[in-house]
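The values are calculated or read from the model by the stated rules, or taken from the named source; none is laboratory data. Predicted, not measured: the structure shown is a model, and the values here were computed from it. No Cβ is skipped: glycine too gets one built from the backbone with ideal geometry, and neighbour counts run over all protein chains shown. Areas reflect the complete protein model, heavy atoms only, side chains present, ligands, DNA and RNA absent. Shrake-Rupley method; radii C 1.70, N 1.55, O 1.52, S 1.80 Å.
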Amino acid sequence: MRMLTFAKRCAKEILRDPLNLLFGLGFPIVLLLLLSAIQANIPVPMFEIAHLAPGIAVFGLSFMTLFSATLVARDRESALLQRLYTTPLKAVDYILGYILPILPIAVAQSAVSYLIAVALGLPLRLNILHALVLILPIALFNIALGLLCGSFFNVKQVGGICGALLTNLSAWLSGIWFDLDLVGGVFSKIANLLPFVHAVELERAAISGGMTDAWPHLAVVLGYAAVTTLGAVLLFLRQMNRQ
Amino acid sequence: MEAIHTTNLTKQYKHLTAVDRLNLTIHQGELFSLLGINGAGKTTTIKMLSCLSMPTAGDALVGGSSILSDRQAVKRIIGVSPQETAVAPNLSVKENLELMCGIHGLSREKRQERITELASQLKLHDILNKKAGKLSGGWQRRVSIAMALISDPSILFLDEPTLGLDVIARSELWDIIRSLKGRVTIILTTHYMEEAEALSDRIGIMKNGRLLVVGTARELMEQTGAAKFEDAFITIVKEAK
């Protein structure tokens, strides 16, 4: 009950920020429309809708990192968290209260991306539902990464690190915009060690119906989600105790 | 009856003793002010008593429960208005109050009753549907105090409640605090001498983490032979080692 009250408040804070809506929903839609327009004129396999849409859905989730990081950092700066620490809320209420409301926002964002993709020619099949279910561990990783950053950095730093650095990192190392094998070498090796490319490949496998290809990528994403969530919980508890 | 009783309450940071063996008793329904210059240990004391910070040594009983071993019980009976304005900026004033009601586990009926009661007491009716982040500093402080009072706490901590407010907003907050006297035990920290003198039943003066004296404003003035409370404060602080 207490956790749900806190979660409801977190959802309201995010959804009432017009910048969040603009970037969270608007940006992926614009990207899909723009790249599909380019694809219509200069066709390249990379930007075919079945290949592009999963990438955009995953890229859009990097904004969830920004949302959760900004929310936690702002709560710390405004002393709202300090006030809440003096109430009967427990540590688990805070963690779940921050994570749970962003999960449906992430799924809704991905659903909108896939709906636009359907309008642009992606076949409307059950695979889209699979992709939406598999978006959950990817979203959890992104949200936990935000919680981790928000527990460590202030609002200004979060804007730079999550808004610029992480967004770019997840874009460059995800294989959405170019084939990583074309670059090869160390770049490709690093990209494969990180979860971004696996998240995109997981979604692509789900959309194409090739679930047997999805499991190794799912394992990597789940591993990163678990480790990042654990790290976020530990860091949040540490700063809570230090408070 | 005792609302708060501290025994050798101490907070030590690496090279600094922020609060040094504090022994203090605050009675139920009393308005007790902690006065001191910057770094005296007022806020650290409040943070320990409100379970925000663990003491390095000693203990305190808040409403009969230990801040070391029964923190959840303490948290259920206290309300805190921190020094910084602590409101959810994108939520309306009513939603901020509802948030605190939910966190304290108040039933739906009780929530409405408390919000109506506090809105009337703190004159919040006109701003209930306004976003808290858009309010002036004075109104945000008022909302902050309302949030601290929503659970009907028996002990209320007000950390520098009028800091940075203009004279009218300060006077209005004083009226609100006065209206709570007797019903709620209030522990107030302030830099303003006239505030402590006007509101407090008793005053404690701290310096370098130590509690120097405790008494009514009149007692402290008589003790130092000062005509004004501010002079009494200065004498006590200057004479302390």
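At a glance:
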read-out: Breaking point among (1) touching a Pro at 6+ places or on another chain (Cβ under 8 Å); (2) touching a residue at least 12 places away in the same chain (Cβ under 8 Å); (3) not in a helix (DSSP H, G or I), for B:Gly105; value: (2)
read-out: Counted residues, the stretch A:13-26 - those being within 30 Å of A:Ala119 (Cβ to Cβ), in a helix (DSSP H, G or I) and either within 14 Å of chain B (Cβ to nearest Cβ) or open to solvent by less than 80 Å² (accessible area, probe 1.4 Å) (or both); value: 9
read-out: Answer residue from the stretch B:119-138, given it is assigned to a helix (DSSP H, G or I) and within 11 Å of chain A (Cβ to nearest Cβ) and is most open to solvent (accessible area, probe 1.4 Å) among those; value: B:Gly133
read-out: Neighbours by Cβ (under 6 Å, 6+ apart or cross-chain): first from the stretch A:122-138, closer than 17 Å to A:Thr212 by Cα; second assigned to a loop (DSSP other than H, G, I, E, B) and open to solvent by 20 Å² or more (accessible area, probe 1.4 Å); value: A:Asn127/A:Gly209
read-out: Subset tally (residues that are of a type in the set (A, V, I, L, M), more than 14 Å from chain B (Cβ to nearest Cβ) and in contact with a helix residue (DSSP H, G or I) (Cβ under 7 Å, 6 or more places away or on another chain)) for the stretch A:201-243; value: 14
read-out: Test: A:Leu34 is loosely packed, with under 14 Cβ neighbours inside 10 Å and farther than 21 Å from A:Leu100 by Cβ; value: yes
read-out: Complete set of residues in the stretch A:176-224 that are open to solvent by 10 Å² or more (accessible area, probe 1.4 Å) and in a loop (DSSP other than H, G, I, E, B); value: A:Trp177, A:Phe178, A:Asp179, A:Gly184, A:Leu194, A:Gly209, A:Gly210
read-out: Single residue of A:Leu33, A:Leu4 found to be within 14 Å of chain B (Cβ to nearest Cβ) and out of contact with any strand residue (DSSP E or B) (no Cβ under 9 Å at 6 or more places or on another chain); value: A:Leu4
read-out: Test for B:Thr10: is it among the hydroxyl-bearing types (Ser, Thr, Tyr), buried (at least 24 other Cβ atoms within 10 Å of the Cβ) and in a strand (DSSP E or B); value: no
read-out: Residue check, B:Arg141 under 17 Å from B:Thr189 (Cα atoms), within 14 Å of chain A (Cβ to nearest Cβ) and of a type in the set (D, E, K, R); value: yes
read-out: Hits in the stretch B:52-73 - residues which are within 10 Å of chain A (Cβ to nearest Cβ) and either under 13 Å from B:Ser151 (Cβ atoms) or assigned to a loop (DSSP other than H, G, I, E, B) (or both); value: B:Leu52, B:Ser53, B:Met54
read-out: Any hit, the stretch A:45-60, residues being open to solvent by 20 Å² or more (accessible area, probe 1.4 Å), within 14 Å of chain B (Cβ to nearest Cβ), over 19 Å from A:Leu169 (Cα atoms) and assigned to a helix (DSSP H, G or I); value: no
read-out: Only one of B:Thr43, B:Thr116 that is within 12 Å of chain A (Cβ to nearest Cβ), outside any loop (DSSP other than H, G, I, E, B) and open to solvent by 10 Å² or more (accessible area, probe 1.4 Å); value: B:Thr43
